[in-house]
1. Right, L89: out of contact with any helix residue (DSSP H, G or I) (no Cβ under 8 Å at 6 or more places or on another chain) and not β-branched (V, I, T) or not?
2. Looking for whichever is at pLDDT below 95 and not polar (S, T, N, Q) here; the options are G243, G189. Which one fits?
3. Are any of the residues in segment 18-28 open to solvent by 30 Å² or more (accessible area, probe 1.4 Å), of a type in the set (V, I, T) and not assigned by TED's automatic domain parsing to the domain that holds D287?
4. Considering only residues of segment 254-286 that are near the ligand (Cβ under 10 Å from one of its atoms) and surrounded by fewer than 16 Cβ atoms within 10 Å (Cβ to Cβ), which is farthest from Q43 (Cα to Cα)?
5. Read through the list (1) open to solvent by 40 Å² or more (accessible area, probe 1.4 Å); (2) free of Cβ contacts under 8 Å to residues at least 24 places away in the same chain; (3) of a type in the set (V, I, T), then give the number of the only condition that T134 fails.
6. Residues in segment 33-42: is at least one surrounded by fewer than 17 Cβ atoms within 10 Å (Cβ to Cβ) and among the basic types (K, R)?
7. Restricting attention to segment 171-189, does a residue exist that is open to solvent by less than 70 Å² (accessible area, probe 1.4 Å), within 24 Å of D287 (Cβ to Cβ) and small (G, A, S)?
8. Out of the residues in segment 34-44 meeting the condition of being within 11 Å of the ligand (Cβ to nearest atom) and basic (K, R), tell me which one is farthest from the chain's Cα centre (by Cα).
Amino acid sequence: MKLTNALNLPQPFVDAATSDHRYVDKRYSATAILKGTREAILQRRHDDEISNDVADMVWAIFGTAVHGILEQGEESQSQIKENKLVVDLPNGYQLSGIFDLYDDATGTVTDYKTASVWKVKFGCWDDWKPKADTDQFDDWRKQTLIYCWMLRQIGFDAHRGEIVALLKDHSKTKAKINEHPPLPVWQIGWDFTAEDFEQIEAWIMAKFEEIERCEKLPDEELPLCTEAERWTRPGKFAVMKKGRKSAVRLYDDKNDAYQRAAGENRNTSGEPFYVEERKGSDPKCMDYCTACEFCAYWQQTYGKEAQA
Ligand code: SF4
């Protein structure tokens, strides 16, 4: 990746943003396989052409700094810190991963994350406990499950994943009115079963088979990242009332929205109710995919082609 420095920030910022990471043929990290295959391959294929500005990387620098500080702590006898694992896979590819902390006494992999309060807020009840049916933390769960699976391949009895999230935009004032969690650190964990390990193993194998197949394809033929991988927010149909800024109600289904507006208009004079279409979006593609300029979907949906 090429680095730019539009704000002419001091050299230590540039140094901190500079990575000595080099892609290794046929080796993908746990974090890379959690992305869409199109994104993972485009990032690797166009690494020399992708550029990012140092100022836009402050949160990545912040995350690296946090890991660096926590890594300096003394581990207990049963703990292993920041260890790189590489697991050989049947198709000749390799899965790599660096976990933050493993405690062999409890079989727990812990990963530190710097996150936004919103990540937690969307997935929790008012008491800041995770909702039972939320998929908000699936990425964290899957990452620690992959690390546990990798550790198990080399003989450890890893069976629990934990995330310690440092909430970078936490506000004490908002915490007092329960709009933010009580403290700027929030934790979540999962106990993994034999079935979880069977499923993740099957998923890893299938993902690497897909990567092997897709590496032979040109950019435009790579499978589109799924909605989950694009963090898609589906479009909505808003029932609006003249003179009111916010929607009366949002509907997923167009017909439901039109029926509601028509029903309201039957009971009101002047037909003040109407339906407004709110377009869906893909926040990942729009703001967080460094390979977006090489992706036909992004070009057509958000790039110059979309504005033409
Ligand atoms: S822009 Fe979106 S669809 Fe294209 S590679 Fe990135 S995440 Fe995937």
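1. In short, no.
2. G243
3. Yes, segment 18-28 contains a residue that is open to solvent by 30 Å² or more (accessible area, probe 1.4 Å), of a type in the set (V, I, T) and not assigned by TED's automatic domain parsing to the domain that holds D287.
4. The residue in question is P283.
5. Only one criterion is unmet by T134, namely (1).
6. no
7. Yes, some residue in segment 171-189 is open to solvent by less than 70 Å² (accessible area, probe 1.4 Å), within 24 Å of D287 (Cβ to Cβ) and small (G, A, S).
8. Here the residue is R38.
The values are calculated or read from the model by the stated rules, or taken from the named source; none is laboratory data. If you're wondering where the values come from, they're calculated on a predicted model, not measured in any experiment. Using ideal geometry, Cβ is built from the backbone for each residue, glycine included, and neighbour counts are taken over all protein chains shown. Note: accessible area is taken over every heavy atom of the protein model, side chains too, but ligands, DNA and RNA are not part of it. Shrake-Rupley method; radii C 1.70, N 1.55, O 1.52, S 1.80 Å.
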